[in-house]
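First up is the structure itself, then whatever we jot down about it.
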Amino acid sequence: MRTLPLLAGVLLASIVAAAQAPQAPQGAAPQGAAPAGRGRAAGPPPRILTFEARPASIKSGESALLVWHVENPAATAIEPGIGRVIPRGTMRVTPGATTTYTLTNGTATSTVTVTVAGTTPSPPPAPSTESARTPDGKPDFSGVFAFGGGGGRGAGTGRGNAPAGPVLKPGAENYRVNRAANPLDTGRTANCMPLIPPDAFGVPYEFQIIQNRDYLVFFHEYPGTFRIIPLDGERTQLDPDPSWLGDSVGRWEGETLVIDTIGYNDKTEISGYRHTEALHTVERLTRTADGFDYSITIEDPNVFAAPWTVNRTFRFAVPPMKKIFEFVCENNRDYRPLFGQ
């Protein structure tokens, strides 16, 4: 379980700001998965104390037990075929051929080889260039995605004759967030309240998508929110009651999934601006071999002079993860008075 007091939320706010830096130029090295500590202060380096196979030599059809123990875990994982693991544990494996397993803990690595009598080492599987599909043939977005996108951090672009980024309407300057003017405002992530796109993708925690023929569901590890999106293109409420995450409906435009959302309340922010209940967003997801391309077009006729678009690239978490972790905000209070602030 992950906990975040309000004081830690101030730190998270600074991390989020860094995560929303301008997108790296095309051709630059892609950003990786979450760094060690997942946004916490730097600590002792990750270490691997033990990693062994018991026994290290087996016959065809037999099993071996992988045993490991790491310190200061940082995205601890075993490959091939296992993925994210706990800091100290065991796992039974039954390789069909001699296989070398690699344990990673941050920058630390260790390997063990399970020798299967009468076999030669299996070559690593070639990376797939095809994206997954659901049984009904639609692009499948299911998976756990790296925090901050795992790719470009995002950039504003215009749509048609729209400006490259938000432009406020005359008289709407009060919708710009100015935390310096309010010392009691410790940041949009300090109170653990829901975040809407694109801000929901800018925190240093992974998110997960689960999809079937009828629904696509977003699960955000921070702050523990989810969105259930019907994929039939039919909105059940033409004028939904305002809610934190709005009312979403999905439809397919060829290979692109379009998610249309209305019915937001006015309690959230979007890229440094507040908004009204007239906020309307349209997200577009296009599957790639290692994740998906994402864009969101934002409009609020009470606040912005024209619609504007943010583009992102999301990649699967590396090493692969089966699920995100639980995150719960506990003891969520302002600790600054304890320090005389």
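Derivation of every value follows stated rules applied to the coordinates shown; laboratory data play no part. Small disclaimer: the values here were computed from a predicted structure and weren't measured. Neighbour counts run over all protein chains shown; Cβ positions are idealised from the backbone, glycine included.
Global dimensions of segment 47-116 from alpha-carbon coordinates: Rg and Dmax equal 11.5, 36 Å.
Our coupling estimate for segment 77-87, obtained by passing each phi through the Karplus curve with A = 6.51, B = -1.76, C = 1.60 and θ = phi - 60°, is 7, 10, 10, x, x, 10, x, 5, 9, 6, x Hz, Gly and Pro reported as x. Label-to-label distance for THR111 and LYS322 is 2.6 nm, based on points extended 7 Å past Cα in the beta-carbon direction. Look at ASP239, ASP247 and count the other Cβ atoms within 10 Å of each Cβ; fewest to most, that gives ASP239, ASP247. Across segment 272-289, computed HN-Hα scalar couplings (Karplus, 6.51 cos²θ - 1.76 cosθ + 1.60, θ = phi - 60°) run x, 10, 7, 8, 10, 6, 7, 4, 9, 10, 10, 9, 10, 10, 10, 5, 10, 4 Hz from first to last residue, x flagging Gly and Pro. Along segment 56-71 the Karplus relation, 6.51 cos²θ - 1.76 cosθ + 1.60 evaluated at θ = phi - 60°, assigns HN-Hα couplings of 8, 10, 9, 9, 4, x, 8, 10, 10, 10, 7, 10, 9, 8, 10, 10 Hz to successive residues, with x for each Gly and Pro. Expressed as a whole number of Å, what is the distance separating the alpha-carbon centroids of segment 292-334 and segment 221-252? Distance between centres, Cα-based: 15 Å.
Scanning residues 5 or more positions from ARG312 or on other chains, those with amide H under 5 Å from its amide H are TYR294, SER295, with H placed 1.01 Å from N in the peptide plane. For the pair ILE228 and ARG47, the difference between a 0.36 nm per residue extended length and the Cα-Cα distance amounts to 61.2 nm. Each label was represented as a point 7 Å from its Cα along the Cα-to-Cβ direction; for THR256 and ARG176 these points are 3.1 nm apart. Note on ILE48, ILE298, ILE259: ascending count of other Cβ atoms within 10 Å places them as ILE48, ILE259, ILE298, the fewest first.
Taking amide hydrogens as placed 1.01 Å from N in the peptide plane, the amide H of PHE327 sits under 5 Å from those of ARG2, each at least 5 positions away in sequence or on another chain. The modelled label-to-label distance for the pair ARG133/TYR215, using points 7 Å beyond Cα in the direction of Cβ, is 2.5 nm.
In this structure, the amide hydrogen of TYR205, modeled 1.01 Å from its nitrogen in the peptide plane, lies closer than 5 angstrom to those of GLY148, counting only residues at least 5 positions away or on a different chain. Net charge in the neighbourhood of GLN211 (other residues with Cβ under 13 Å of its Cβ; Lys, Arg +1, Asp, Glu -1) is +2.
Measuring r between the beta carbons of THR120 and SER243 and using R0 = 56 Å, the FRET efficiency lands at 0.45. Using 1/(1 + (r/R0)^6) with R0 = 56 angstrom and r between the beta carbons of THR236 and ALA56, what's the FRET efficiency to the nearest 0.05? For R0 = 56 Å, the calculated efficiency reads 0.45.
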